[in-house]
Each structure stands twice: as C-alpha cells, then as structure tokens.
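So the structure is just underneath, and the comments pick up after that.
The values are calculated or read from the model by the stated rules, or taken from the named source; none is laboratory data. Fair warning: this is a prediction, and the values are worked out from it, not measured in the lab. Cβ atoms come from the backbone with ideal geometry, glycine included; neighbour counts cover every protein chain shown.
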C-alpha cells in the first residue's frame, strides 16, 4: 500500500521578503539610535540604556532568525567602529570590556525570546518572556564579563551588573512589549 502525503510549503513572495527586510533594517536603525539614550551610574561601568527596549521589541516583532541577525548586525557594526553601541561608543575594546557580555547576550536573548514567543501577539506572554528569559540571559552575560574583566567578586558583580537595573529593565520590557503589540497589530491589518 502506497501512502502519499501532501506537504504545503510556503514560499515567501517578494513583497513578504521586502517587508521582512524593511522591518529588520528599521530595527537595526532603532538599536543604533536607542544606544544614544544612555547615562552612566557612578558605581558601575554599566550604563542605563534605551537599547534594551528595542532589543525586546525586536524579539517580539521579528522571526527568531531575523531577530538574531538584526542584533548581530548591530553588534558587528559596533565592533568594526561604527558608534552604535551604548553611549555612542564603538570598537572591539567595548565588546571585550566589562560590559561587553551584556551586548553579546542581547543577540542570544532576542533569538530565544522570539523563538519562545512563536508569533504570538500576547502582551502578557511578551512580558513574561522578557522578564523570565531575556533579563536573566542579559544579566548572566553582563555578570560574566564584569567578573572576568573587572576582577570583581560575585557580590560586587551583582551589585554592579544586576541589582541597580532590575526595576528599570522591567519597565523597559513593558515598553518593548507595548510597542511590539501595537506594531504587530498594525502590520497584520
């Protein structure tokens, strides 16, 4: 007995590809611009940055591969000297410095949050993913780089890389999820 199965393969149209590339380009631009919304804290090498809002929004409006590529392109632009990293900085020194782990883990966090969101436009799911997945991944990266590069002990690392940022990062997750639900709703019309 011979069995056949028909599988439907969706091939993106050129309009869909153009729309996806446009969203990606806009997200890279927003990451670059949001990096200038930064201010230092006197007791830590880490800065409060607007970039986190856009990392969350990117994860919530793009497919996982696209979110990964967007944040990676932003990171590579900064690595080669384009001043798009937090505070308008750039260079490998910035990525290999005490705060570099935060930026590298933006890439992982954006991909994983997008993957787990799975195309949903649920504000609640976005917030849960941002707080329970994105923030811990980004904090772990920041703690590792700060611990290794700044030679801080574990407690000092947590005081410099995590504790002062928790409230603000929750607010930034909420802002990113709010923007994403609105953008997704507009784009699905």
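Of all the numbered requirements in (1) in a helix (DSSP H, G or I); (2) under 19 Å from the mean Cα position of the chain (by Cα), residue 83 misses one, and that requirement is (1). Taking the conditions (1) farther than 18 Å from residue 172 by Cα; (2) surrounded by fewer than 18 Cβ atoms within 10 Å (Cβ to Cβ); (3) modelled with pLDDT of 95 or more in turn, residue 119 satisfies each one other than (3). Assessment of region 86-102 against the conditions (in contact (Cβ under 8 Å) with a residue 24 or more places away in the chain, surrounded by fewer than 20 Cβ atoms within 10 Å (Cβ to Cβ) and on the phi > 0 side of the Ramachandran plot) yields at least one matching residue. The residues of region 52-78 that are surrounded by fewer than 20 Cβ atoms within 10 Å (Cβ to Cβ) and over 11 Å from residue 110 (Cα atoms), listed by number, are 73, 75, 76, 77.
Determine if region 120-139 includes at least one residue that is more than 26 Å from residue 61 (Cα to Cα), assigned to a helix (DSSP H, G or I) and without any contact (Cβ under 8 Å) to a residue 60 or more places away in the chain. There is no residue in region 120-139 that is more than 26 Å from residue 61 (Cα to Cα), assigned to a helix (DSSP H, G or I) and without any contact (Cβ under 8 Å) to a residue 60 or more places away in the chain. Inside region 144-163, residues that are under 20 Å from residue 132 (Cβ atoms), touching a residue at least 24 places away in the same chain (Cβ under 8 Å) and surrounded by fewer than 19 Cβ atoms within 10 Å (Cβ to Cβ) make up a count of 1.
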